[in-house]
Amino acid sequence: MDLQAVIESLPRYGEPLLVTIGVTVASAALALVLAFALGLMTGSRLLAVRTPARVFVEFFRGSSVVVQLFWFAFAMPVVLGVQFDYLIVAGIIALGCNYGAYSSEVVRGAIAAVPKGQLEAATALNLTPLQKMRFVVLPQAWPEMIPSLCAFAIMLLKASALVSVIGILDITWLAGLLGKQPGQDRLLHYAVVLVIYFVLAWLIWTGMRALERRAKRGLGIDAKPAAGRLAPDVATGGVR
């Protein structure tokens, strides 16, 4: 009986599912922009550029994302007089800033890992700093960033459930609401949400893997060796 009631209520997950997807996509886009901006700034040799970026990163990494959500949604309008027309905007900004701060270290590390010989060759070709970054550094660093950015994107998807604490109706909050109604089973509703998050995470992983293979092919790297071909083993210097 409980299972039948849960099945009949599945169409009600449609709109909250769009909210979850929208928060995830928008927050991920903001996080990606911040990650590149902060990653480049924290890797700068100029103290005036590096310091404010480092303060931003450490603040958002060192404080709770739940507190940040409450700050953007409820404290900021009182303290600073800045109020968002929709709470979902506050949720997107809080999640985007938090995961952008974390992802900035991925960007900084991948850029720093580009061999210095590549930069010296670019200098020999008389490329400007912008041309070096666009044509030499980023094409080599981008494939190295993707696996870690994929992990953060999946973490961001799961963290999107936290927007329910500031009153946004997503699939997690709906599961709790429906589970309290007569004839419903809360455990089954949370099982439905569990499956939804798994499917969304799998789609993110699949898309990022395809993006990684495409980025590596652009560098002439075979990201998926053909069956039967010996692949080099970096650790042993031989083959495996």
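Taking 0.36 nm per intervening residue step and subtracting the Cα-Cα distance, what contour gain separates residue 120 from residue 151 on full extension?
Length gained, residue 120 through residue 151: 7.9 nm.
Give a quick list of trypsin sites (Lys or Arg not before Pro) in segment 96-204 that DSSP marks as loop, anything other than H, G, I, E or B, with at most 14 other Cβ atoms within 10 Å.
Answer in residue order: 180.
With n ≥ 4 as the cut-off for DSSP H runs, can you work out [θ] at 222 nm for the chain, using -39500 (n - 2.57) per run divided by the number of residues, rounded to the nearest 500?
-22500 deg cm²/dmol
Considering only protein heavy atoms, what per residue accessible area in square angstrom results for the chain with a 1.4 angstrom probe?
Heavy-atom accessible area per residue stands at 59 Å².
Work out the charge dipole of segment 18-172 with +1 on the Cβ of Lys and Arg and -1 on the Cβ of Asp and Glu about the Cα centre, then indicate which of 163, 128, 21 is farthest towards its positive end.
Positive-end residue among those listed: 128.
Rounded to two decimals, what is Rg over Rh for segment 116-221 when you use alpha-carbon atoms and the Kirkwood radius?
Expressed as Rg/Rh, it is 1.27.
Counting Lys and Arg as +1 and Asp and Glu as -1, each charge on the Cβ, what is the dipole of segment 37-151 about the Cα centre in debye, to the nearest 20?
Magnitude of the dipole: close to 340 debye.
Treating the beta-carbon of each Lys and Arg as +1 and of each Asp and Glu as -1, no other charges, what is the dipole magnitude of the chain about its Cα centre, to the nearest 20 debye?
900 debye
For segment 39-84, run through the trypsin sites (Lys or Arg not before Pro) and keep only the ones in DSSP coil with at most 15 other Cβ atoms within 10 Å of their Cβ.
Passing both the DSSP loop test and the Cβ count: 45.
Just to be sure I understand the model, the point goes 7 Å from the Cα along the line to the Cβ. What's the resulting residue 112 to residue 59 distance in nm?
About 2.3 nm separates the two model spin labels.
Work out how much length residue 165 to residue 15 would gain on full extension: take 0.36 nm times their residue separation and subtract the Cα-Cα distance, in nm to one decimal.
52.2 nm is the gain from fully extending residue 165 to residue 15.
Residue by residue, what Karplus-based ³J(HN,Hα) values in Hz, rounded to whole numbers, does segment 11-19 have, using 6.51, -1.76 and 1.60 with θ = phi - 60° and x for Gly and Pro?
Using θ = phi - 60°, the values come out as x, 6, 7, x, 5, x, 5, 5, 5 Hz.
Using a 1.4 angstrom probe on the protein heavy atoms only, could you order 40, 80, 200 from most to least accessible area?
Greatest to least solvent exposure: 80, 40, 200.
Starting from the Cα gyration tensor of segment 94-170, multiply each eigenvalue by 5, take the square root, and state the resulting semi-axes largest first in whole Å.
Whole-Å semi-axes of the equivalent ellipsoid: 36, 11, 8.
Taking the Cα atoms of the chain, what is the range of coordinates along each of the three principal axes, in descending order and whole Å?
Principal-axis extents of the chain (Cα, largest first): 73, 57, 27 Å.
Using unit Cβ charges (K, R positive; D, E negative) and no other charged atoms, how large, in debye to the nearest 20, is the dipole of segment 113-217 about its Cα centre?
Value, rounded to 20: 300 debye.
Suppose R0 equals 30 Å; then what is the FRET efficiency for residue 76 and residue 44 from their Cβ-Cβ distance, rounded to the nearest 0.05?
Efficiency, from the Cβ-Cβ distance: 0.55.
The values are calculated or read from the model by the stated rules, or taken from the named source; none is laboratory data. Computed from a prediction, not measured in an experiment: that's the story for all the values here. Virtual Cβ from ideal backbone geometry, glycine too; neighbours counted across all protein chains shown. In case anyone asks, the SASA skips ligands and DNA or RNA and just uses the protein heavy atoms, side chains included. Shrake-Rupley method; radii C 1.70, N 1.55, O 1.52, S 1.80 Å.
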